[in-house]
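Asker: First the structure, which I've put down as structure tokens, then a few questions once you've had a look.
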Amino acid sequence: MSLLVKWNMTPRRSGNGLVRILCALLLLAALGRSAFAQESAPQHAHIVTPLADLLQEAEKNNPQIESARHVWQAAKQIPTQVSTLPDPQFTLQHLSVGSPRPFAGYTNSDFAYIGLGVTQDIPYPGKLKLRGEIAKRDADGSQQQVETVRRAVLAEVKASYFQLAYLSKTLAILESDGELLKQIEQAADARYRSGMGRQQDLLQAQLQKTKLVREIAMHHLEAGKLEAQLKQLLNRPQDSPDIEPADLTESLLFQNYQELLGAAKAQNPELAASQKMIDKHSLQVDLARKDFYPDFNVQYMWQRTDPTQFRAYYTLSFGMRVPVYRSRKQKPELAQAQSEELRARSAFEAQSQQLASELRAQYVVAQQTTELLKIHREGLAPQARSAFQSGLAAYQSNKQDFQAVLTSFLDVLHLDEEYWQNLAEYETAIARLEQITGLALR
């Protein structure tokens, strides 16, 4: 919207010039009110969707969670595979005597035969069990990854929902505070008509109204982005109906930092997965030590010649694979396994410190934001509104200038928006604490 109003800045006002100015101002006011009403009209057609319903829907339909579950289900099938003996090998043999033709000499030589045999590889005792335990630790880590992904998705749903609720609330604030701006505009118009005010005051009121219209449009843009993000997390079609959030309410945090930290150490899936990796690498060290011992091979063979003249042969063989290249294979394998175990322990320590740091940061956000919300409710908000009403009355009585009234209005507007933004940040911090600790804090 762009309107250009020109007027004569000389002290002498002609009757026709004043009429033109007033007409332009009335047109500007009418257009501003129309645009503001269109942008800020509340939408009550949507049904409010509780956050709990969206969380259940995300757990059921989110493809990231489903993918992590499939990875876990696949990993659970590995332990029995690697802890089972290798498949036996069956052998069919034929030996002819005096001729390459099949069965040559079969009836006149006890060297010609048909043989059936079976061979079984047997790893050194304990190796198969260790391989199964290592695979089980991998599967346990995949299970913890499912919980990690689940908590991350739910925390993202909560954060988007709270931000959407904040935008919805501030749209209502812009509408209600627009009524305050309307009072300023009416007072400026009345003073201007009486010859006691300036045309610039009225135009500034109109400019501020246009800024509110722009802010409403920006809020709608951000809300549209959050709607798209929520639908993606819920695996909904993007053209599905928009989500209407419930009003933000402040959740009370009763746990102190030490209680939250204890819950995180006991229940955080990322820490649990790191501990499973330490256990896995410790078992791999044991397996690397087992590789210094030989593996075995057992073979049994039955050989049949002409049954009318010769007896059958029975052969039992026992083989052993000896690790003779220890300095080039087994020793480097053991050193690698030990280094990976140390790396896993260092990674666990680093992750523990990072978790404690992030928990502390979110706890501080929650604690300090609680204080800010209290200051807003009990001090800033009522004081700002009282200052505005007092300033408006003084302006209407020609005891205060327009800029002071406009500044007090902007204080009311910004403090109202800041309160709900702080509340959304507080609830997001609570959601992050829930993600880290696994506690239901809301």
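The values are calculated or read from the model by the stated rules, or taken from the named source; none is laboratory data. Note that the structure is predicted; figures quoted are calculated from it, not measured. With ideal geometry, Cβ positions are generated from the backbone for all residues, glycine too; neighbour counts draw on all protein chains shown. Remember, those area values only see protein heavy atoms, side chains included, never the ligands or the DNA or RNA. Shrake-Rupley method; radii C 1.70, N 1.55, O 1.52, S 1.80 Å.
Asker: Using a 1.4 angstrom probe with every protein chain in place, what is the largest-first accessible-area order of I122, I134?
Answerer: I122, I134
Asker: Test of understanding: what is the full-extension gain from Q336 to Q56, defined as 0.36 nm times their sequence separation minus their Cα-Cα distance?
Answerer: Roughly 96.4 nm would be gained on extension.
Asker: Quick one: compute the contact order of segment 324-442, relative version, from alpha carbon pairs under 8 angstrom and 6+ residues apart, as a percent.
Answerer: 32 percent
Asker: Continuing with the same structure: Using the per-residue mean of other Cβ atoms lying within 10 Å as a proxy for protection, in what order, highest first, do the peptides 362-371, 157-166 fall?
Answerer: Top to bottom by mean Cβ count within 10 Å: 157-166, 362-371.
Asker: For the pair R360 and A312, how long in nm is the line joining their label points, each one 7 Å along Cα→Cβ?
Answerer: Taking the two extended label points, one gets 7.7 nm.
Asker: Semi-axes of the equivalent ellipsoid for segment 314-442, please: Cα gyration tensor eigenvalues, times 5, square-rooted, ordered largest first, whole Å.
Answerer: Taking √(5λ) for each Cα gyration eigenvalue gives 71, 15, 11 Å.
Asker: Another question, then. Which FRET efficiency value, to the nearest 0.05, do you get for I122 and Q255 by plugging their Cβ-Cβ distance into 1/(1 + (r/R0)^6) with R0 = 45 Å?
Answerer: 0.25
Asker: Can you give me the pair-distance distribution of segment 269-335, C-alpha pairs, 5 Å bins, whole percents?
Answerer: 4, 13, 13, 10, 10, 9, 9, 8, 6, 6, 5, 3, 2, 1, 0
Asker: Okay, next question. Please give, to one decimal in nm, the separation of the simple spin-label points placed at W302 and L415, each 7 Å out from Cα toward the Cβ.
Answerer: 9.8 nm
Asker: Work out the charge dipole of segment 298-442 with +1 on the Cβ of Lys and Arg and -1 on the Cβ of Asp and Glu about the Cα centre, then indicate which of T370, A356, G391 is farthest towards its positive end.
Answerer: It is A356.
Asker: If R0 is 25 Å, what FRET efficiency do you get for V48 and Q238 from their C-beta distance, rounded to 0.05? Kindly include the intermediate steps, with their values, before the conclusion.
Answerer: On the way: r = 21 Å, r/R0 = 0.83.
The calculated FRET efficiency here is 0.75.
Asker: Applying 1/(1 + (r/R0)^6) with R0 = 60 Å to the Cβ-Cβ distance of R377 and E66, what FRET efficiency is obtained, to the nearest 0.05? Walk me through the numbers on the way to the answer.
Answerer: Numbers: r = 43 Å, r/R0 = 0.71.
In this case the efficiency is close to 0.90.
Asker: Give me the one-decimal nm value for the distance between modelled label points at A266 and Q89, 7 Å along each residue's Cα-to-Cβ direction.
Answerer: Going by the 7 Å Cα→Cβ label model, 5.4 nm.
Asker: By accessible area of protein heavy atoms, probe 1.4 Å, what ranking do R289, R69, R214 get, highest first?
Answerer: Sorted descending by solvent-accessible area, the residues read R214, R289, R69.
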